[in-house]
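Colleague: I am attaching a structure below and will ask some questions about it afterwards.
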Amino acid sequence: MAFDPAAALAKIKARDAHRRRRIVEGPQDVQVAVDGRSLVNFCSNDYLGLANHPAVREAFRRGVDRWGAGSGASHLVCGHAAAHHALEEELAEFTGRPRALLFSTGYMANLGVVSALAGRGDAVFEDRLNHASLLDGGLLSGARFQRYPHADARALEAALAESRAETRLVVTDGVFSMDGDLAPLPALARAARSGRAWLMVDDAHGLGVLGGEGRGTLEHFGLDETEVPVLVGTLGKALGTFGAFAAGSEDLIDYLIQRARTYVYTTALPPAVAEATRASLRLVREEPERRERLHRNVRRFRAGAESLGFELGDLIGPIQPIVIGANAEALEASRRLGERGFLVSAIRPPTVPEGTARLRITLSASHTDEQVDGLLEALAAAVPQEA
Ligand SMILES: *Cc1c(COP(=O)(O)O)cnc(C)c1O
């Protein structure tokens with residue numbers, strides 16, 4: 001029998017899990033034009049307000065003048081431009097590692113890195129709530145694939161102790177993308193060391209945001225390359241542009257150039273994007289006040305939400321989800337916030353576990369106090385809490 005998309009869709013709709021795209025009619029910013037209205041954006045990953053920053057836009061424009069629109073080929077054929085190379089060197093310096101390698105997206109970086117570092121006969125250990133791209137990389141690798149309970153370093157230690165695989169790779173988000181909490185990296189690093197495993201961290205939501213200099217979750221915990229030899233970062237979130245990278249030793253990066261299939265068999269991202277990212281990386285380094293402003297907004301939001309009776313969990317980063325539960329209720333809460341002028345999307349399964357649909361609220365350095373307070377007022381009305 002052939003696949004029946006109509007029947008499959010009907011099932012998705014029956015669970016209030018059907019998704020549609022909102023159409024954005026202007027640049028990504030705190031005030032965003034969506035479906036014909038202007039809303040205050042509290043769900044983007046543009047944590048530092050760089051996606052539409054004048055200096056980043058200007059670097060992109062100049063990049064187009066210098067490099068044209070497309071890269072023309074993969075990095076290994078003839079698509080590796082000096083702009084890509086300069087960005088790799090700057091990312092290596094920023095992350096304090098010998099070398100970095102650009103990928104076209106974070107999804108591809110994770111698929112490529114995990115499946116290059118583990119294969120048949122090896123073992124991959126992943127946090128149950130890891131980003132889909134990491135879980136997919138583990139499955140694709142062909143290695144024995146085990147998920148440990150969320151943020152549970154002891155369970156990881158026990159799983160490693162039982163493993164007979166020669167090569168073991170432990171993989172975790174730095175900041176969990178839908179929950180906003182930090183992985184217990186020091187404990188995971190200890191477990192990895194005693195279990196003779198390599199540790200890989202995907203810091204998509206920590207990079208640019210956490211640590212005094214914005215170097216991310218590793219800087220926050222004071223960990224370096226000996227503890228976390230494989231680091232992946234993405235460029236479409238706090239850096240405001242597009243793309244991703246892996247950073248590590250000379251040999252690790254050279255090996256990935258040979259064997260990461262999502263690096264080898266794909267077109268290099270446009271060099272102008274790399275130029276834009278170089279400009280945003282400069283802003284991350286030279287304007288720590290953006291990070292300070294973001295954290296001030298996070299604190300303001302948390303204090304206000306807690307006084308309204310919301311339970312937020314112990315979260316220091318820009319992702320501050322409010323778990324609602326049922327899909328239909330999360331959708332309704334999001335719709336009510338929209339009526340009041342705020343864009344907060346409802347995140348539903350399979351992105352999050354069944355029964356934990358949520359409002360994934362994200363703060364940005366560009367939000368004003370008035371916008372944060374306005375959101376709190378709208379939340380009080382849209383999602384009333386018992387006193
Ligand atoms: C967004 C995200 C990715 C994917 O990055 P893209 O560049 O958007 O493909 C990977 N890992 C985590 C944790 C993410 O949040």
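Colleague: What is the set of long-range amide H partners of residue 31 at a cut-off below 5 Å, with H atoms built 1.01 Å from backbone N?
Modeller: HN-HN under 5 Å from residue 31: 41.
Colleague: When the Karplus curve 6.51 cos²θ - 1.76 cosθ + 1.60 is applied with θ = phi - 60°, which whole-Hz ³J(HN,Hα) does each residue of the range 224-239 get, with x for Gly and Pro?
Modeller: For the range 224-239, the Karplus curve yields 10, 5, 5, 7, 10, x, 10, 10, 10, x, 10, 10, x, 9, 4, 7 Hz.
Colleague: Sticking to Cα atoms, compute the Rg of the chain to one decimal and its Dmax as the biggest Cα-Cα distance, whole number, in Å.
Modeller: 21.0, 63
Colleague: Now a separate question. How do the peptides 55-66, 235-246 rank, highest first, by the average count of neighbouring beta carbon atoms within 10 Å per residue?
Modeller: In decreasing order of mean packing, 55-66, 235-246 become 235-246, 55-66.
Colleague: Using just the Cα positions, wrap the range 136-191 in a convex hull and report its mean projected area in square nanometres, one decimal place.
Modeller: 4.1
Colleague: Taking each pair of distinct Cα atoms in the range 1-82 once, what is the resulting Kirkwood hydrodynamic radius in Å?
Modeller: Evaluated over the range 1-82, this radius sits at 17.1 Å.
Colleague: Only counting other Cβ atoms within 10 Å, I'd like 234, 277 sorted with the fewest neighbours first.
Modeller: 234, 277
Colleague: Next question, about the same structure. Provide the packing ranking of 82-88, 176-182, i.e. peptides ordered by the mean count of other C-beta atoms within 10 Å per residue, highest first.
Modeller: Final packing ranking: 176-182, 82-88.
Colleague: I need the trypsin sites (Lys or Arg not before Pro) found in the range 139-224, filtered to DSSP loop residues with at most 10 other beta carbons within 10 Å of theirs.
Modeller: Loop-located and lightly packed - 164.
Colleague: Further, regarding this structure: Among the GluC sites (Glu not before Pro) in the range 182-255, which ones are in a DSSP loop with at most 16 other Cβ atoms within 10 Å of the Cβ? Mind listing them?
Modeller: Passing sites in the range 182-255 are 213.
Colleague: Would you calculate a helix-derived [θ] at 222 nm for the chain, using -39,500 (n - 2.57) for each DSSP H run of n ≥ 4 and dividing by the full residue count, to the nearest 500?
Modeller: -13000 deg cm²/dmol
Each value in this text was obtained by applying a stated rule to the coordinates, not by laboratory testing. Predicted, not measured: the structure shown is a model, and the values here were computed from it. Every residue, glycine as well, gets a Cβ built from its backbone with ideal geometry; the counts of neighbours run over all protein chains shown.
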